[in-house]
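Shown next, in structure tokens, is the structure this report addresses.
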Amino acid sequence: MHPISRAALRPYICASCRYGIGASRRRFGTKPDQTPDIYDVVCVGGGPAGLGLLAALRASPITSKLKVALVESQDLNKAQAWNMPSDQFSNRVSSLTPSSASFLRKIGAWEHLDTNRVQEYQEMQVWDGETGSRISFDWSMETPPFEDMRTVATMTENLNLVRALLGRIAASGDQGLTLFSNTTVASIENGSDLQASGPDLSAWPVLSVKPTGPGSETKGISRIAARLLVGADGINSPVRSFADIPTQGWDYNRHGIVATLALADLDTPPFPANLRTAYQRFLPALGGPIALLPLPNNHATLVWSTTPENAAYLKSLSPSAFLAMVNAAFRLSMTDLKYMMGIERSEQTSHEDELAWHVQHTSLPSQTPPLATAVQQGTVASFPLRFRHAAQYISPRVALVGDAAHVIHPLAGQGLNLGLADVAALSRTIEYAVSHGMDIGDLLTLERYSSERYLPNAKIGGACDLLHKMYTIPGQGPITWARSLGLDVIDKLPFVKSFLMKNAEGH
Ligand SMILES: Cc1cc2nc3c(=O)[nH]c(=O)nc-3n(C[C@H](O)[C@H](O)[C@H](O)COP(=O)(O)OP(=O)(O)OC[C@H]3O[C@@H](n4cnc5c(N)ncnc54)[C@H](O)[C@@H]3O)c2cc1C
């Protein structure tokens with residue numbers, strides 16, 4: 001049971017008290033008394049979650065007539081015009097589960113994706129670098145004969161997805177739709193019931209939004225009121241602050257290194273020919289797992305979770321030394337890796353020489369990924385890894401989705417998928433309310449959304465957190481033994497494995 005926040009009590013403040021509060025309320029903008037424009041839904045944040053919600057609302061015949069606005073501080077025109085040569089890939093890539101893909105198909109966004117840039121995979125190899133225990137998930141074996149191979153997930157650049165969602169929204173026409181691009185939220189406050197005309201907005205969020213792009217100095221602040229305000233505004237959500245919803249969580253003291261890599265041709269081509277594999281090796285002594293996930297044209301995206309010190313070291317390396325470290329991380333022992341992680345530039349030996357030497361003296365794991373042969377210029381970057389969970393997802397006239405509601409460890413590639421599942425649920429909730437004549441901002445209406453999403457998100461975030469903690473304990477102690485036993489047992493129990501596979505698919 002979550003404590004009721006102050007924001008949840010807003011509608012219960014009596015009218016005379018409200019006048020008192022109104023008098024002392026903070027005000028921003030050039031025309032504080034200007035009557036705000038009224039929208040049914042205002043979404044703050046034009047990342048995958050916010051755009052996904054808008055696209056879903058525009059796609060449904062029940063909600064397409066709602067008056068909606070989206071506020072995004074980045075330039076959405078730039079996102080819409082995003083382009084890259086076919087042999088280069090952005091470094092922010094997400095694995096979309098079949099559930100996410102089917103939601104995107106349902107709302108008509110999938111057909112706006114550049115599908116030449118996405119890559120499905122059907123098999124996963126996951127192993128413990130300390131003990132060698134392994135689990136493999138092969139969806140191709142689960143597929144009935146004569147059917148298309150079932151996929152674990154589809155690797156998609158976030159920018160390709162964002163562009164597709166913008167394309168879908170544009171295709172819905174501009175009636176009832178306002179996109180505040182290059183615009184930031186300057187403040188959010190409750191409105192007032194002192195207006196000469198129009199509804200009593202005293203329990204409605206009213207946003208002051210301020211253009212930030214070129215020429216913005218000449219543009220004024222706009223005020224917009226929301227029957228329902230959706231926070232899709234990421235980890236530092238201003239909407240969550242307005243609603244006074246606290247979060248629980250911690251920083252992992254780990255960074256996720258990302259990069260786009262070119263791979264060598266495989267010695268033995270995969271069978272069936274279009275079978276693609278994702279690889280993840282847990283490296284407890286280095287602080288987290290390294291994952292190599294397939295992209296088209298024999299490319300792959302790297303996500304390596306490690307300590308901030310290791311991340312800084314890896315980012316300081318030359319491209320060839322960086323590649324040697326990546327290839328070593330999938331092949332060498334923890335001792336050899338720790339040694340290589342400390343080689344100084346001034347030393348006689350190079351990372352490349354060390355890898356070549358150690359590989360000759362190491363019995364390689366049975367399933368290693370193809371060698372990484374090149375790193376795409378400018379793609380090595382790192383992100384701090386954090387866990388956050390909002391104490392609640394809703395308050396009167398407010399709902400949180402995506403990273404504004406929860407941020408999880410990326411080791412299972414689920415963050416964005418959870419965000420898309422949130423927006424699918426919230427759009428269904430809004431549809432239900434509209435078709436039953438309910439107020440879409442009412443707490444009772446929003447309960448439906450919250451009860452559908454809170455527990456599944458907590459479960460998956462908690463499981464990723466547990467996995468992270470289990471796999472950062474180095475050495476050969478009881479936890480190392482237990483986690484390896486766990487992997488071995490799961491690998492040999494088809495029913496348990498099938499259950500895990502279904503969860504990973506997003507069912
Ligand atoms: C290394 C790494 C790898 C990952 N890999 C995967 C993966 O494989 N699969 C997966 O599902 N997830 C993955 N994730 C997680 C995924 O990237 C995030 O969960 C997802 O991008 C969050 O989307 P969002 O739309 O909720 O938030 P965001 O993408 O953070 O969007 C929030 C938006 O709000 C805007 N905004 C914020 N404040 C304001 C304001 N005041 N005014 C106006 N606009 C504002 C921002 O500009 C931004 O565009 C990974 C994360 C990391 C760090």
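The values are calculated or read from the model by the stated rules, or taken from the named source; none is laboratory data. None of the values given here were measured: they were computed from a predicted structure. Because the Cβ atoms are built from the backbone with ideal geometry, glycine has one as well, and the counts that use them run over all protein chains shown.
Assorted remarks:
- Among the residues of the stretch 425-449, just one is within 19 Å of the chain's Cα centre (by Cα) and surrounded by fewer than 23 Cβ atoms within 10 Å (Cβ to Cβ), namely 425.
- Pairs with Cβ under 7 Å, 6+ apart, first in the stretch 406-426 and within 16 Å of residue 468 (Cβ to Cβ), second within 6 Å of the ligand (Cβ to nearest atom) and assigned to a loop (DSSP other than H, G, I, E, B): 408/414
Per-residue answers, yes or no, for (1) within 11 Å of the ligand (Cβ to nearest atom); (2) in the same structural domain as residue 365 (by TED's automatic domain parsing); (3) without any contact (Cβ under 8 Å) to a residue 24 or more places away in the chain:
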residue	(1), (2), (3)
190	no, no, no
193	no, no, no
201	no, no, no
212	yes, no, no
216	no, no, no
263	no, yes, no
282	no, yes, no
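- Residue list for the stretch 236-251, restricted to those being within 12 Å of the ligand (Cβ to nearest atom) and more than 17 Å from the chain's Cα centre (by Cα): 238, 239, 240, 241, 242
- Condition check for residue 159: more than 16 Å from the ligand (Cβ to nearest atom), surrounded by fewer than 22 Cβ atoms within 10 Å (Cβ to Cβ) and at pLDDT 95 or above: no
- Residue in the stretch 402-416 that is surrounded by fewer than 18 Cβ atoms within 10 Å (Cβ to Cβ) and of a type outside the set (Ser, Thr, Tyr) present: no
- Residue 211 being more than 25 Å from residue 430 (Cα to Cα), at pLDDT 85 or above and surrounded by fewer than 22 Cβ atoms within 10 Å (Cβ to Cβ): yes
- Any hit, the stretch 306-321, residues being assigned by TED's automatic domain parsing to the domain that holds residue 356 and in a strand (DSSP E or B): yes
- From the options 427, 395, residue that is at pLDDT 95 or above, within 15 Å of the ligand (Cβ to nearest atom), touching a Leu at 6+ places or on another chain (Cβ under 8 Å) and of a type in the set (Gly, Ala, Ser): 427
- Any hit, the stretch 343-358, residues being over 20 Å from residue 373 (Cβ atoms), in contact with a strand residue (DSSP E or B) (Cβ under 9 Å, 6 or more places away or on another chain) and assigned by TED's automatic domain parsing to the domain that holds residue 377: no
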